[in-house]
1. What number of residues within the range 108-148 are modelled with pLDDT under 90, under 29 Å from Leu26 (Cα atoms) and of a type in the set (S, T, N, Q)?
2. Looking at the range 149-164, which of the residues that are part of a loop (DSSP other than H, G, I, E, B) and in contact with a strand residue (DSSP E or B) (Cβ under 9 Å, 6 or more places away or on another chain) is modelled with the highest pLDDT?
3. Looking at Gln70, Gln95, which is the one that is at pLDDT below 85, of a type in the set (S, T, N, Q) and within 26 Å of the chain's Cα centre (by Cα)?
4. Given the residues Ile117, Ile76, which is the only one that is in the same structural domain as Asp10 (by TED's automatic domain parsing), of a type in the set (Val, Ile, Thr) and surrounded by fewer than 16 Cβ atoms within 10 Å (Cβ to Cβ)?
5. Would you say Glu167 is closer than 30 Å to Pro49 by Cβ, free of Cβ contacts under 8 Å to residues at least 12 places away in the same chain and either of a type in the set (Asp, Glu) or outside any helix (DSSP H, G or I) (or both)?
6. Does Leu38 satisfy the condition of being under 13 Å from Val81 (Cα atoms), within 31 Å of the chain's Cα centre (by Cα) and of a type outside the set (Asp, Glu)?
7. Failed condition for Ala195, given (1) at pLDDT below 70; (2) hydrophobic (A, V, I, L, M, F, W, C); (3) loosely packed, with under 10 Cβ neighbours inside 10 Å, with all others met?
8. So Glu110 clears everything in (1) outside any helix (DSSP H, G or I); (2) surrounded by 11 or more Cβ atoms within 10 Å (Cβ to Cβ) except one condition, right? Which one?
Amino acid sequence: MKKDQILVADDDALVAKDLTDRLEGLGYHVPITAASALEAVSFAQSLRPDLVLMDVRFPGEMDGIEAAKQIHAMKIPVVYVTGFCDGSMLERAKQADPYGCILKPYQTAELQAAIGIALHKAQREREEMKKQLTDALGRAKILAGLLSVCAYCKKIKDDAGEWEQFEAYIMKRTNASFSHGMCPGCFEDVKRQLAAAEGSDLTPGSLVLG
């Protein structure tokens, strides 16, 4: 079974190592750790991990919240791991739509619970997005507009000016398929023609149905 891949982003090497050891002990895979917010964005883009554990405070121009916003735009879930989050920073942190927040110092059980919930939520969102895409594609295959139909043979004229059998035309452009039977009106017409033909002098093969 493929292990969930988690990117750890923390400028403190000891914290990053501790997180990595705990995550791998829980059965996750940590391919690399990021020591800056810029590295976190770059690694997230190239590795496409299942989850990013992001520290909030980083030195330099970009902090963890700004990095989380960019990673969120990649449809990759982010969980904050931080020991400091005051009112103004908390409000900024919410703007990245995080999947959770783990406060330092943390216990392994807390880490496991937060990650499990975040991964489950991300999986649900992916399934919903897939369903919406499937539904949209299904709606896109619905025929619309004016169709040119031969009044005699019922063939349909396509965009290239060629005439196709009705069933072939529909099946190429929709998800529909066909079974064959006879409607009550046609069935009665056939019965009348057969009854009329019984006392006539029609030669075999000369009866026209329909």
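1. Of the residues in that region, 0 qualify.
2. Start the filter on the range 149-164 by keeping residues that are part of a loop (DSSP other than H, G, I, E, B), which leaves 150-155, 158-162.
Restricting the remaining residues to those that are in contact with a strand residue (DSSP E or B) (Cβ under 9 Å, 6 or more places away or on another chain) gives 150, 153, 155, 158.
Values: Cys150: 83, Cys153: 77, Lys155: 86, Asp158: 82.
Looking at the filtered set, the residue picked out is Lys155.
3. Gln95
4. Values: Ile76 fails: surrounded by fewer than 16 Cβ atoms within 10 Å (Cβ to Cβ).
After ruling out the rest, the residue left standing is Ile117.
5. Working: closer than 30 Å to Pro49 by Cβ: no; free of Cβ contacts under 8 Å to residues at least 12 places away in the same chain: yes; either of a type in the set (Asp, Glu) or outside any helix (DSSP H, G or I) (or both): yes.
Considered against the rule, which asks whether it is closer than 30 Å to Pro49 by Cβ, free of Cβ contacts under 8 Å to residues at least 12 places away in the same chain and either of a type in the set (Asp, Glu) or outside any helix (DSSP H, G or I) (or both), Glu167 comes out as no.
6. no
7. (1)
8. The failed condition is (1).
The values are calculated or read from the model by the stated rules, or taken from the named source; none is laboratory data. Keep in mind that what you see is a predicted model, and the values were worked out from it rather than measured. In this analysis, Cβ positions are derived from the backbone assuming ideal geometry, glycine residues included, and neighbour counts consider all displayed protein chains.
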